[in-house]
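All remarks here apply to the structure that follows.
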Amino acid sequence: MTPYSPQEIAEVCGEHSTVNFPGAITRLLIDSRSVFDASESLFFALRGARHDGHQFLNDLFHKGVRNFVVEQGRIPGELKNHANWFETPSPLNALQNLAAVHRSRFRVPLLAITGSNGKTIVKEWLAQMIATDISLTRSPRSYNSQVGVPLSLWQMNEHTGLAIIEAGISKTGEMSRLAQCIKPTLGLFTTLGQAHQENFSSLQQKLDEKLLLFREVDTLFYCKDASLVHESMERAFPDKEKVTWGRSGEVNLLLVEQIRQNDHTRLFLRWNEQSFFMTIPFTDEVSVENVMHVTLFLLQQGYAVKTIADRVQGLLPVAMRLEQKSGIYNTLLINDSYNADITSLEVALDFLVQQSRKKGMPRTVILSDLLQTGIADQELYPMVAELMQEKEIDRFIGIGPALSRHVELFSPSARFFPSTEAFLSALSGFHFKEEAILVKGARPFSFEQITSRLELKKHVTVMEINLDALVHNLNEFRSRLKPTTKVLAMVKAFSYGSGSFEIASALQHQKVDYLGVAFADEGMELRKSGISLPIMVMNPDERSFGQMLEYNLEPEIYSFRVLNAFYRAVELEGIDGIPVHIKIDTGMNRMGFLTDETELLVERLKKMPLIRVKSVFSHLVGSENEVYDGFTQKQINQFKKVCSRLREGLGISFIQHILNSSGIERFPAARFDMVRLGIGLYGFGTGQLCDLRNVVTLKTFVSQIKPVKAYETIGYGRAGWLKRDGHIAVIPIGYADGLNRRLGNGVGTMMINGRLAKILGNICMDTCMVDVSDIQVEEGDEVIVFGDDYSLLNLAQQLDTIPYEILTGISRRVNRVYFKE
């Protein structure tokens, strides 16, 4: 990132500025909980309906932040001479102005995407298709708001070859501000629907507002079938180039036919005068439309039909807000309580159908009134009823006054309740068993109360694993690799505590090339669970060789003793062509053949015709630390020499791999034929990848709040106390759950309601106590041990250890909950 000086920031952001210190500003910060590189961060004190960034100025100063954009007159007096202050009537406007200035530095193509639905998916699928061809800057996640767009634009740098920015609005006046920031050269419109309709008088008004984004673009992309969109495009932009797709009429890309086949759809298309087929790994109509937008853009950009057709087969699902849990009485619970509009309902129902079909379960829907759709009830609820019939819903439960007024539209067996409370009162009369249940409600209905009652309760402490984030991280690493480079994903040690089968299943679905486990029994369990990917066993035991051959597991061979023993097992079975993986020790001084044993290894392998060297690999010692870069390069050079000699001596080719997660980021020249991903999948890298996401969250709840007088002792050994009268919270997590006892006695902290609470006294087997004297907290409030808002790295630093140790130490009695797309 090109740094900005405080003087440059003052010119853009501050009507009144106080610059006390020189420095370089490279990061924009709007969340006091997400401080990174504090000295180079610029904090914007934004004010919202429920928060005011000015409340956190002192906290941020103590964390090392020294650059602040604040409202006029809001500088804390005691800090005025100790930081750089940029005063402005509106920090939000200042943020947008700075983003506009930054955007103007780069004269590169910028595709702006807007519409009611599909913006994020189209952006992410475009990235999946072209990220290996061009240096791409795109909006993280769904950063498309008045705040999200400036943060997205800030990522543009001197390497950017194409930027893709999505923009969303919820009321008039917003798009004009975003357009001034984005300054797009290309524009793509996805769909026009009812989302966020409540602040617009009509669809036409909302569409006109969205089209303000495209005033300065050269080329427009959209579906011509949407007559209102097409007519508005023609009226607003008569002279702009328009590239369109549709199912009929005069369009650039014609969708002639689509055929659904099990888990994929075959499309017959015509681009200008050229006809071709394309297969996509999705069956729902929404995905077909999103793929068409992607294909249209790529064709116009000059991509060959064959290239698009080949790549589109590997498109990966984009995360949605759907949470899948085990429910009571062997039910499958799908929680989608984020919002409720007609489009997202259709997507959620498709997911319900997909999951229920896999498990052979009947389908139940618990649905609230749909709010803020802009559609009259007499039009809206017949559509809902038709969807329930079309998706073959076996049981329907409607909650809310609007649904209750339309009972006659639904099946006679459907049940209706005026409120969530009324349904919960009657819940004991329902007998949910072995069915797939979609719980979808608008936020005001508080459907989390329903999911809490239906969820299978095991232990009040839970570890949430966001499989969408895992897939995202996998794709972030893949985007740095050549398409031909294979990926081996490590799932040893219970997948770093996250659950072996669930993680392996997600990775298998994403078509990684290999899985790695530590011991044979881990691989056997995966085979028994239906995992068919090649599996490498990193620490094979001679006693397990027979089972490894039975379960088609491939051993790491690290010594002549293991090599001889495994070959004897192969000879006894009389099997030919068994793959093995040769480990070379290039400096770890752990397992592996020494480099000066290469000649003897060649001679020995020549005498073992029943085995096949599938790969040769080594392990880097300190790839994450630039201090050891010289040693790392020495390891890589030694590895190359050994591989060259093995190829020459054996007369065969094999897969070469040496890079781990941090190595992938820092040593691109050594990616060879395959790389190994471990902790990087969980969001921990060197920081050079811009958008790794947290995957694992450990959370629990406040069991009890107690008043404690000053110097009264707390917990075993009378080791804890408060220096003044205060309150403690009892938290149901202890060392039996994997909470390290060294975090006790003020060493560790947990997050409650956005504030950090110190752990007091000794950690017990099942509980611990924290100081909540200065925190607004009630019994039942959520406690984050680590997660999105409080990184696992914090605990690792408090314990002077690494994230691996903490993750692998979480007890299996802690319930794992998996989030899926």
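Listing for the model above:
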read-out	value
Segment 157-189, subset of a type outside the set (Lys, Arg) and assigned to a helix (DSSP H, G or I), residue most open to solvent (accessible area, probe 1.4 Å)	180
Test: residue in segment 152-160 that is of a type in the set (S, T, N, Q), within 17 Å of residue 122 (Cα to Cα) and touching a strand residue (DSSP E or B) at 6+ places or on another chain (Cβ under 6 Å)	yes
Some residue of segment 347-359 being open to solvent by 10 Å² or more (accessible area, probe 1.4 Å), farther than 30 Å from residue 119 by Cα, assigned to a loop (DSSP other than H, G, I, E, B) and in contact (Cβ under 8 Å) with a residue 40 or more places away in the chain	no
Residue that is least open to solvent (accessible area, probe 1.4 Å) [pool: residues in segment 211-220 that are farther than 11 Å from residue 232 by Cα and out of contact with any Leu (no Cβ under 8 Å at 6 or more places or on another chain)]	212
Which numbered condition residue 724 misses (of (1) of a type in the set (Lys, Arg); (2) part of a loop (DSSP other than H, G, I, E, B); (3) crowded, with 18+ Cβ neighbours inside 10 Å)	(3)
Hits in segment 81-127 (condition: among the hydroxyl-bearing types (Ser, Thr, Tyr), open to solvent by 10 Å² or more (accessible area, probe 1.4 Å), under 30 Å from residue 193 (Cβ atoms) and not in a helix (DSSP H, G or I))	116
Filtered residue count, segment 236-256, keeping only those that are at pLDDT below 95 and within 34 Å of the chain's Cα centre (by Cα)	0
Filter result for residue 699 (in a strand (DSSP E or B) and either β-branched (Val, Ile, Thr) or under 15 Å from residue 791 (Cα atoms) (or both))	yes
Top-ranked residue in segment 277-317 [being among the polar types (S, T, N, Q), closer than 21 Å to residue 475 by Cα and surrounded by 16 or more Cβ atoms within 10 Å (Cβ to Cβ); ranked as modelled with the highest pLDDT]	295
Qualifying residue in segment 405-414 (condition: over 18 Å from residue 333 (Cβ atoms), at pLDDT 90 or above and of a type in the set (Val, Ile, Thr))	yes
Segment 393-419 residues that are in contact (Cβ under 8 Å) with a residue 40 or more places away in the chain, paired with ones that are part of a loop (DSSP other than H, G, I, E, B) and of a type in the set (A, V, I, L, M) (beta carbon under 8 Å, 6 or more apart)	395/414
Search result, residues across segment 571-595 that are at negative phi, in contact with a helix residue (DSSP H, G or I) (Cβ under 7 Å, 6 or more places away or on another chain) and not in a strand (DSSP E or B)	573, 575, 586, 595
Any hit, segment 628-642, residues being under 22 Å from residue 554 (Cα atoms), open to solvent by less than 60 Å² (accessible area, probe 1.4 Å) and touching a residue at least 12 places away in the same chain (Cβ under 8 Å)	yes
When residues of segment 7-30 are limited to those that are over 20 Å from residue 90 (Cβ atoms) and within 37 Å of the chain's Cα centre (by Cα), the one surrounded by the fewest Cβ atoms within 10 Å (Cβ to Cβ)	22
Matching option when the condition is farther than 20 Å from residue 672 by Cα and open to solvent by 70 Å² or more (accessible area, probe 1.4 Å), among 603, 648	603
Hey, residue 673 of a type in the set (Asp, Glu) and at pLDDT below 95 or not	no
Number of positions in segment 24-54 that are at pLDDT below 90, within 17 Å of residue 72 (Cα to Cα) and not in a strand (DSSP E or B)	1
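The values are calculated or read from the model by the stated rules, or taken from the named source; none is laboratory data. The shown structure was predicted, so the numbers you read here are calculated from the model rather than taken from an experiment. Neighbour counts run over all protein chains shown; Cβ positions are idealised from the backbone, glycine included. Only protein heavy atoms, including side chains, enter the accessible area calculation; ligands, DNA and RNA are left aside. Shrake-Rupley method; radii C 1.70, N 1.55, O 1.52, S 1.80 Å.
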